[in-house]
Amino acid sequence: MKRNNIFEQIVLYIALLSCMACSGLNSKNSDNIEKMDTAFIWRPFVASPKFYPMEVMYANVRLGNTDEWGGTMERFTGAGLGEYNGVVDTSSESGDGKLPMPSAIDVLWLSHTEKKFYRLKAELPHYLQQRMLEMFRTPYYDWSDKKYWSYGGFVINMLPKGKVWLYLDGIGRRELICDSLVGKEVEVALKDFDKEGYEYYKTFDTFCKARLNDDPKVVENLKQNGIPYTLWEKYKQRYHYNIEFDFEDKNTVIEHDYLYRYLTGEFYREDKKETHFFMPAVRQIGITWLVGTTEYNGFFYFDENEIIETYAKVFNPLNKHGKLIVRVSKYNNKFDIYLLIDGKQFPLTKTMIHVFRETPEHKKEEEVPFYNNHEDIYSGDIRYIGG
């Protein structure tokens, strides 16, 4: 079996110090900045959690200091936090495909689960624009592809109660750059929002119910969990920690092709120079390691309640620094996973794991997992309530 190349990717959290440095530039440096790029190849997108889909009437982004606005063409969302699946209106593109940076957003959407309309029209604060400017200008290195990439997606992610998160997204990573925006509930006539839907369903309640029934898993989740309004506050809590693998076989070599995905939908793969240490609780890890000529592809899916509760408990106060340790046995078939804080271990025993093994002989048995502790649950069906 060939190496699994579907490792999805996760973004670096850049500290506010970089923003402060930008704001503190002297006039000479400011003159230099004016000569640098202020337009980039990027596109706006919309997203929402898997079980709390939103439907957009419009989602527009103002382009820099101009009066021009670019809009997303995608109406439906619900692929997951920060996960977009749409295309955009490129009518305002310049000849080289570059656009000025986002400077304001104007979004009107329907939350099907709440049966409410929200609108957010907001200027993006100066510090956020400065941060995006620095991120757009700074390529990052992807070890898996052995090349540098730049951010290319500006993602507007809608949440229940009118909350909006913003991300920058690129190949190999996604970063949450703002989690404090909130829209206002507004009144919109169904016939203005969706004329055909109004003619067919007649009532707003029937329309929303029909939309939700498009995905039975959304309906099932609502019955079980309702709308957990405070859950996303827990998701975005950040902790000071590193992730380390401890192999009993010291001849093990870790490949550069690995994934760290977090509760917020952020993800990254190894960067050539950056260190990731101030992040939300980890949600998923995908990693490749070599023992001689044998290759192992491991996937670790953390239990939602266990990581939220354990992280909150052990990182108290929040300024504590810790480690998430994944200890792998000599024969690569036993795993001890725990948080290490102040010399104490806090096990994460509910983690679902499967590992594929590949040898140069490519034996038939390598087509199934070498190790799997969750055979009753298909990995693709592992979803988080608010993810």
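Name the residue, out of Phe207, Phe245, that is open to solvent by less than 80 Å² (accessible area, probe 1.4 Å), among the hydrophobic types (A, V, I, L, M, F, W, C) and either within 30 Å of Gln345 (Cβ to Cβ) or not in a helix (DSSP H, G or I) (or both).
The unique qualifying residue is Phe245.
Report yes if Lys209 is charged (D, E, K, R), under 20 Å from Ser48 (Cβ atoms) and in contact (Cβ under 8 Å) with a residue 12 or more places away in the chain, otherwise no.
no
I'd like the residue in region 265-323 that is of a type in the set (Ser, Thr, Tyr) and open to solvent by 50 Å² or more (accessible area, probe 1.4 Å) and, out of all such residues, is nearest to Val253 (Cα to Cα).
Thr293
Output the number of residues of region 248-263 satisfying the condition of being assigned to a loop (DSSP other than H, G, I, E, B) and either among the small types (Gly, Ala, Ser) or closer than 27 Å to Gly80 by Cβ (or both).
Looking only at that region, the number is 5.
Test each condition in (1) in a strand (DSSP E or B); (2) open to solvent by 60 Å² or more (accessible area, probe 1.4 Å); (3) within 28 Å of Tyr52 (Cα to Cα) for Asp106 and report the one that comes out false.
(2)
Residue-by-condition table, conditions (1) in contact with a Gly (Cβ under 8 Å, 6 or more places away or on another chain); (2) farther than 23 Å from Lys313 by Cβ; (3) outside any loop (DSSP other than H, G, I, E, B):
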| site | (1), (2), (3) |
| --- | --- |
| Trp232 | yes, no, yes |
| His240 | yes, no, yes |
| Gly265 | yes, yes, no |
| Asp271 | no, yes, no |
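Can you find, within region 332-369, the residue that is most open to solvent (accessible area, probe 1.4 Å) among those that are acidic (Asp, Glu) and closer than 22 Å to Ile307 by Cα?
The selected residue is Asp342.
Quick grid of which residues meet (1) closer than 20 Å to Gly70 by Cα; (2) open to solvent by 10 Å² or more (accessible area, probe 1.4 Å); (3) part of a loop (DSSP other than H, G, I, E, B); (4) not acidic (Asp, Glu):
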site: Ala122; (1), (2), (3), (4): yes, yes, no, yes
site: Tyr148; (1), (2), (3), (4): no, yes, no, yes
site: Tyr167; (1), (2), (3), (4): yes, no, no, yes
site: Val188; (1), (2), (3), (4): no, yes, yes, yes
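The values are calculated or read from the model by the stated rules, or taken from the named source; none is laboratory data. Because the structure is predicted, anything quoted here is derived from the model rather than measured. Don't worry about glycine lacking a Cβ; one is built from the backbone with ideal geometry, like all the others, and counts go over all protein chains shown. Quick note on the areas: whole protein, heavy atoms, side chains included, nothing else; ligands and nucleic acids left out. Shrake-Rupley method; radii C 1.70, N 1.55, O 1.52, S 1.80 Å.
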